[in-house]
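Worksheet for the structure shown next.
The values are calculated or read from the model by the stated rules, or taken from the named source; none is laboratory data. This is a predicted model, so every value here is computed, not measured. Counting neighbours? That spans all protein chains shown, and the Cβs are built from the backbone with ideal geometry, glycine included. Please note that ligands, DNA and RNA were not included when accessible areas were found on the heavy atoms of the full protein model with its side chains. Shrake-Rupley method; radii C 1.70, N 1.55, O 1.52, S 1.80 Å.
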Amino acid sequence: MKTPRKPLPADLKFGTVFSEHMVCARFDVDSDWSQADLSAYQKLSLDPAASVLHYGQAIFEGLKAFRHPDGSVHLFRPDRNATRLNASARRLSMPEVPVEVQLEAMRLLADRDRDWVPPAPGTLYIRPAMIATEEALGVQSSRRYLYFVITGPSGPYFRTGRSTIRIMVARDWVRAAPGGTGAAKTGGNYAASLLATAVAREKGCQQVMWLDAVERRHVEEVGAMNLMFVLDGVVTTAPTSGTILAGITRESIGVLCRELRLPFVERYIHIEEVLNGLESGDCTEIFGCGTAAVVSAVGELLDGDKLYRVSDGNEGPVARLLRETLTGIQFGNVPDTHGWLRPV
Ligand code: PLP
């Protein structure tokens, strides 16, 4: 018999409450992937020599399930996450997980824990991950891996009490260099970002804006979002040239911009162009976009000691239109003409 879910805390934080089940599959070079099995949510048992603990062969994904007004539950573009997990796997020298296996694992778990999908505007965040489990301290690709999926109901990613966020330009640290792992969703990228993020938090900022590693002048992305600028009326974002994560929200927003007849371009963006544009009024909006943060308007940008305000510091009309259109599709209030939703 199905146990009713525990009542959720009224003040639900992002990524702190997990549902009752998980899905696991194991890989061994000699036998390939096992079947993906649903089980109770439980602790993992790992050998202290498991290579993930030493050399960081670990990748993950993040997507959401949405409850529609008729009560049905839908995943947003899970095929794109499955494909991206495999791109990360190739970069980290890990085995790919067949897309159909991933889709079924996510569907199975969201179906089993469908009671955990909160009503709008809450969502069920889904976290697939893969780690290297071989007990071996030689520096080489592991011969064994664990793929698993967990989920949890989630509230807003930023808890600023305001509708916009403040971000800090990172001048002292870089996130990813050409040829590195910046385009992969691997834990090391996030570990390397934590010091700058801690400094940013001390300065009252929620996230860090990364610049390119070579010239230290082109805007790349922020901690957990891709960045968009409205420059001279054009929605402008950095190209996915290997050092940033190719966000699925970013990709979806590009499609929506074309439909909504908002000029949209991917090109290198010089940080001075942004700072000058904020002063001259040519840069009217900045917003981040990502699964967890959806579309988050940036109200202020901190560079060294100088604080720049983005227009009047509130969410601008472009960010609002894109946020409302995207969440409208996700929550089933705007027709999904692209087939982005997958019913559970
Ligand atoms: N960039 C980074 C570094 C991220 O961690 C994320 C979040 O997953 C994104 C961008 C946005 O990607 P997506 O829209 O697929 O969530």
Handout entry: Matching residues in region 287-316 - criterion: being of a type in the set (Lys, Arg) and not in a strand (DSSP E or B)
Key = none
Practice task
Inspect region 181-194 for any residue being of a type outside the set (Lys, Arg), within 19 Å of Asp303 (Cα to Cα) and within 11 Å of the ligand (Cβ to nearest atom) and give the result as yes or no.
Solution key: yes
Practice task
Output the residue which, of all residues in region 71-107 that are without any contact (Cβ under 8 Å) to a residue 12 or more places away in the chain and part of a loop (DSSP other than H, G, I, E, B), is nearest to Lys185 (Cα to Cα).
Solution key: Glu96
Practice task
Would you confirm whether any residue within region 175-188 is within 25 Å of Glu315 (Cα to Cα) and within 18 Å of the chain's Cα centre (by Cα)?
Solution key: no
Exercise for the section: Among what's in region 58-75 and is touching a Leu at 6+ places or on another chain (Cβ under 6 Å) and open to solvent by less than 20 Å² (accessible area, probe 1.4 Å), pick the residue that is nearest to Ile248 (Cα to Cα). Expected result: Glu61
Practice task
Output the residues belonging to region 80-108 that are under 17 Å from the mean Cα position of the chain (by Cα) and open to solvent by 60 Å² or more (accessible area, probe 1.4 Å).
Solution key: Arg80, Thr83
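For every residue, the table says whether it meets (1) hydrophobic (A, V, I, L, M, F, W, C); (2) touching a helix residue (DSSP H, G or I) at 6+ places or on another chain (Cβ under 6 Å).
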| residue | (1), (2) |
| --- | --- |
| Val295 | yes, yes |
| Gly299 | no, no |
| Asp305 | no, no |
| Gly313 | no, no |
| Pro317 | no, no |
| Thr325 | no, yes |
| Arg342 | no, yes |
Completion exercise
Counting only residues in region 195-215 that are within 15 Å of the ligand (Cβ to nearest atom) and in a loop (DSSP other than H, G, I, E, B), the one farthest from Ile269 (Cα to Cα) is identified as Gln206
Practice task
Go through (1) open to solvent by 40 Å² or more (accessible area, probe 1.4 Å); (2) of a type outside the set (A, V, I, L, M); (3) within 20 Å of the chain's Cα centre (by Cα) one by one and return the number of the condition Pro239 breaks.
Solution key: (1)
Exercise for the section: Could you pull out every one of the strands (runs of 3 or more DSSP E) wholly within region 216-286 that has 2 or more residues that are away from the ligand (no atom under 11 Å from the Cβ), under 17 Å from Arg84 (Cβ atoms) and modelled with pLDDT of 95 or more? Expected result: none
Problem - Positions within region 55-70 being outside any loop (DSSP other than H, G, I, E, B) and either within 16 Å of the ligand (Cβ to nearest atom) or closer than 15 Å to Val23 by Cβ (or both), in sequence order - result: Ala58, Ile59, Phe60, Leu63, Lys64, Ala65, Phe66
Problem - Criterion: in contact with a helix residue (DSSP H, G or I) (Cβ under 8 Å, 6 or more places away or on another chain), small (Gly, Ala, Ser), in contact (Cβ under 8 Å) with a residue 12 or more places away in the chain and surrounded by 15 or more Cβ atoms within 10 Å (Cβ to Cβ) - qualifying residue of Ala246, Ala196 - result: Ala246
Practice task
Please verify whether region 275-287 includes one or more residues that are open to solvent by less than 30 Å² (accessible area, probe 1.4 Å) and either at positive phi or charged (D, E, K, R) (or both).
Solution key: yes
Handout entry: In region 113-135, the residues that are hydroxyl-bearing (Ser, Thr, Tyr) and either open to solvent by less than 10 Å² (accessible area, probe 1.4 Å) or within 30 Å of Pro7 (Cα to Cα) (or both)
Key = Thr123, Tyr125
Practice task
Look through Gly138, Gly179 and report the one residue that is open to solvent by 10 Å² or more (accessible area, probe 1.4 Å), assigned to a loop (DSSP other than H, G, I, E, B) and free of Cβ contacts under 8 Å to residues at least 40 places away in the same chain.
Solution key: Gly138
